[in-house]
Amino acid sequence: PDARLREISAGRWTNRLTDDVLLEEPERVKAWNETPATTTLPDGEGLAAAQERILAFVNEQMQVYAGQTVIVGTHGAILQTLMAAAQGIPLEQLWLRTPVPNGGIVRMEWEPGPTTGTLRLVGLPSIDHLAPLGAAGVTLGSAGGPGPIA
(Lines give C-alpha, C1' and ligand atoms only; values in the text may rest on other atoms or scores of the structure.)
Protein backbone atom coordinates (compact mmCIF):
# COMPACT_ATOMS: atom_id res chain seq x y z
CA PRO A 1 0.00 0.00 0.00
CA ASP A 2 1.17 3.49 -0.83
CA ALA A 3 -0.81 6.70 -0.23
CA ARG A 4 0.29 8.01 -3.64
CA LEU A 5 -2.03 5.43 -5.27
CA ARG A 6 -5.12 6.89 -3.61
CA GLU A 7 -7.82 8.51 -5.71
CA ILE A 8 -7.68 12.26 -6.16
CA SER A 9 -9.09 13.97 -3.09
CA ALA A 10 -12.60 15.15 -3.99
CA GLY A 11 -12.80 17.34 -0.89
CA ARG A 12 -16.35 18.24 0.01
CA TRP A 13 -17.67 16.35 -3.04
CA THR A 14 -16.56 13.05 -1.50
CA ASN A 15 -19.43 10.59 -1.04
CA ARG A 16 -21.94 13.09 -2.44
CA LEU A 17 -24.61 12.31 -5.02
CA THR A 18 -24.06 13.84 -8.44
CA ASP A 19 -27.49 15.52 -8.35
CA ASP A 20 -26.70 17.22 -5.03
CA VAL A 21 -23.32 18.48 -6.23
CA LEU A 22 -24.86 19.77 -9.48
CA LEU A 23 -27.58 21.63 -7.57
CA GLU A 24 -25.22 23.24 -5.06
CA GLU A 25 -22.22 24.04 -7.28
CA PRO A 26 -23.20 24.03 -10.96
CA GLU A 27 -20.44 26.43 -12.05
CA ARG A 28 -17.75 24.45 -10.24
CA VAL A 29 -19.02 21.21 -11.80
CA LYS A 30 -18.98 22.86 -15.23
CA ALA A 31 -15.39 24.00 -14.67
CA TRP A 32 -14.37 20.51 -13.47
CA ASN A 33 -15.95 18.91 -16.54
CA GLU A 34 -14.63 21.42 -19.08
CA THR A 35 -11.31 22.66 -17.65
CA PRO A 36 -10.21 20.09 -15.06
CA ALA A 37 -6.53 21.03 -15.28
CA THR A 38 -7.23 24.51 -13.91
CA THR A 39 -9.94 23.52 -11.44
CA THR A 40 -9.27 22.25 -7.94
CA LEU A 41 -11.97 20.20 -6.32
CA PRO A 42 -13.54 22.16 -3.43
CA ASP A 43 -11.34 21.52 -0.39
CA GLY A 44 -9.70 18.80 -2.49
CA GLU A 45 -6.88 18.25 -4.91
CA GLY A 46 -6.06 19.43 -8.40
CA LEU A 47 -5.05 17.19 -11.30
CA ALA A 48 -1.49 18.53 -11.49
CA ALA A 49 -0.80 17.60 -7.85
CA ALA A 50 -2.45 14.22 -8.35
CA GLN A 51 -0.41 13.51 -11.48
CA GLU A 52 2.77 14.61 -9.76
CA ARG A 53 2.26 12.13 -6.93
CA ILE A 54 1.44 9.14 -9.17
CA LEU A 55 4.41 9.89 -11.41
CA ALA A 56 6.66 10.10 -8.34
CA PHE A 57 5.38 6.66 -7.30
CA VAL A 58 5.97 5.20 -10.77
CA ASN A 59 9.47 6.63 -11.15
CA GLU A 60 10.48 5.45 -7.67
CA GLN A 61 8.97 1.98 -7.80
CA MET A 62 9.75 1.10 -11.40
CA GLN A 63 13.45 1.66 -10.77
CA VAL A 64 13.27 -0.99 -8.06
CA TYR A 65 11.56 -3.46 -10.41
CA ALA A 66 13.19 -2.48 -13.73
CA GLY A 67 12.84 -5.22 -16.33
CA GLN A 68 10.04 -6.96 -14.45
CA THR A 69 6.28 -7.03 -14.90
CA VAL A 70 4.62 -4.95 -12.20
CA ILE A 71 0.92 -4.78 -11.35
CA VAL A 72 -0.33 -1.56 -9.75
CA GLY A 73 -3.89 -1.02 -8.53
CA THR A 74 -5.15 2.55 -8.44
CA HIS A 75 -8.22 4.69 -9.14
CA GLY A 76 -9.92 6.42 -12.09
CA ALA A 77 -8.81 10.05 -12.02
CA ILE A 78 -5.29 9.10 -10.91
CA LEU A 79 -5.15 6.51 -13.69
CA GLN A 80 -6.32 9.10 -16.24
CA THR A 81 -3.50 11.45 -15.25
CA LEU A 82 -1.02 8.57 -15.57
CA MET A 83 -2.44 7.59 -18.98
CA ALA A 84 -2.23 11.22 -20.08
CA ALA A 85 1.45 11.34 -19.12
CA ALA A 86 2.07 8.04 -20.94
CA GLN A 87 0.50 9.47 -24.10
CA GLY A 88 2.02 12.95 -23.84
CA ILE A 89 -1.44 14.47 -23.40
CA PRO A 90 -1.53 17.69 -21.34
CA LEU A 91 -3.92 17.77 -18.40
CA GLU A 92 -5.83 20.53 -20.18
CA GLN A 93 -7.12 17.84 -22.55
CA LEU A 94 -8.62 15.58 -19.89
CA TRP A 95 -11.05 13.96 -19.70
CA LEU A 96 -9.70 11.16 -21.87
CA ARG A 97 -11.89 9.80 -24.62
CA THR A 98 -11.06 6.28 -23.44
CA PRO A 99 -11.92 6.24 -19.74
CA VAL A 100 -11.13 3.00 -17.97
CA PRO A 101 -14.10 1.22 -16.42
CA ASN A 102 -13.71 0.05 -12.84
CA GLY A 103 -11.57 -3.09 -12.84
CA GLY A 104 -10.14 -2.33 -16.29
CA ILE A 105 -6.57 -3.21 -17.18
CA VAL A 106 -4.20 -0.64 -18.67
CA ARG A 107 -0.82 -1.80 -19.91
CA MET A 108 2.12 0.61 -19.85
CA GLU A 109 5.84 0.34 -20.38
CA TRP A 110 8.41 2.25 -18.37
CA GLU A 111 11.98 2.86 -19.42
CA PRO A 112 14.53 4.33 -17.03
CA GLY A 113 16.00 7.71 -17.84
CA PRO A 114 18.71 9.94 -16.38
CA THR A 115 16.38 11.69 -13.93
CA THR A 116 12.93 10.19 -14.52
CA GLY A 117 11.67 7.34 -16.61
CA THR A 118 9.63 7.36 -19.78
CA LEU A 119 6.14 5.95 -19.62
CA ARG A 120 4.28 4.67 -22.70
CA LEU A 121 0.73 3.38 -23.06
CA VAL A 122 0.58 -0.06 -24.71
CA GLY A 123 -2.83 -0.41 -26.34
CA LEU A 124 -6.28 0.61 -25.17
CA PRO A 125 -7.72 -0.26 -21.75
CA SER A 126 -9.05 -3.81 -21.58
CA ILE A 127 -12.16 -5.12 -19.86
CA ASP A 128 -12.22 -8.52 -21.56
CA HIS A 129 -11.70 -10.26 -18.21
CA LEU A 130 -14.96 -8.67 -16.97
CA ALA A 131 -17.08 -10.26 -19.74
CA PRO A 132 -18.44 -13.04 -17.47
CA LEU A 133 -20.05 -10.31 -15.31
CA GLY A 134 -22.09 -8.92 -18.20
CA ALA A 135 -23.00 -5.26 -18.62
CA ALA A 136 -23.73 -4.89 -14.89
CA GLY A 137 -20.08 -5.64 -14.16
CA VAL A 138 -18.74 -2.73 -16.21
CA THR A 139 -19.14 0.63 -14.49
CA LEU A 140 -17.41 3.99 -14.57
CA GLY A 141 -16.49 6.00 -11.46
CA SER A 142 -18.77 6.77 -8.52
CA ALA A 143 -21.34 9.55 -8.46
CA GLY A 144 -20.11 12.83 -7.07
CA GLY A 145 -16.51 11.65 -7.15
CA PRO A 146 -13.58 12.46 -9.40
CA GLY A 147 -13.99 12.33 -13.14
CA PRO A 148 -16.50 14.21 -15.22
CA ILE A 149 -19.81 14.58 -13.45
CA ALA A 150 -22.89 13.79 -15.53
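Compute the signed sum of charges (Lys and Arg +1, Asp and Glu -1) over the other residues within less than 15 Å, Cβ to Cβ, of His75.
Once all neighbours under 15 Å are counted, the net charge is 0.
For the chain, which whole-number percentage of the solvent-accessible area (1.4 Å probe, protein heavy atoms only) is attributable to carbon and sulfur atoms?
54 percent
Report the relative contact order of the chain, percent, no decimals, based on alpha-carbon pairs under 8 angstrom and at least 6 residues apart.
Value for the chain: 30 percent.
Of Thr115, Thr35, Thr81, which is the most mobile in a GNM of the chain whose springs link Cα atoms less than 10 angstrom apart?
Of the options given, Thr115 has the highest mean-square fluctuation.
Per residue, how much accessible area does the chain have with a 1.4 Å probe, in Å²?
Accessible area per residue, the chain: 59 Å².
Distance in nm between label sites at Glu109 and Ala56, each 7 Å beyond Cα in the beta-carbon direction?
Using points 7 Å along Cα→Cβ, the separation is 2.9 nm.
Suppose a student asked you for the relative contact order of segment 96-137, using Cα pairs under 8 Å spaced at least 6 residues apart; what percent would you report?
Reported relative contact order: 38 percent.
Near Thr116, within a Cβ-to-Cβ distance under 13 Å, what is the net charge of the other residues, with Lys and Arg +1 and Asp and Glu -1?
Overall, the nearby charge balance is -3.
For a quick check: with amide H placed at 1.01 Å from N, whose amide H comes under 5 Å from Met108's, ignoring anything fewer than 5 positions away on the same chain?
Answer set, sorted by chain and number: Val122.
Could you work out how much longer the chain between Asp128 and Thr18 gets when fully extended? Use 0.36 nm per residue separation minus the Cα distance between them, nm to one decimal.
Taking 0.36 nm per residue and subtracting the Cα distance, the gain is 36.7 nm.
Rg and Dmax in Å for the chain, alpha carbons only: what are they?
15.9, 49
The values are calculated or read from the model by the stated rules, or taken from the named source; none is laboratory data. Computed from a predicted structure; not experimentally measured. Here the Cβ is made from the backbone with ideal geometry for all residues, glycine too, and neighbour counts use every protein chain on show. Accessible surface is based on the protein model in full, side chains and every heavy atom, while ligands, DNA and RNA are left aside. Shrake-Rupley method; radii C 1.70, N 1.55, O 1.52, S 1.80 Å.
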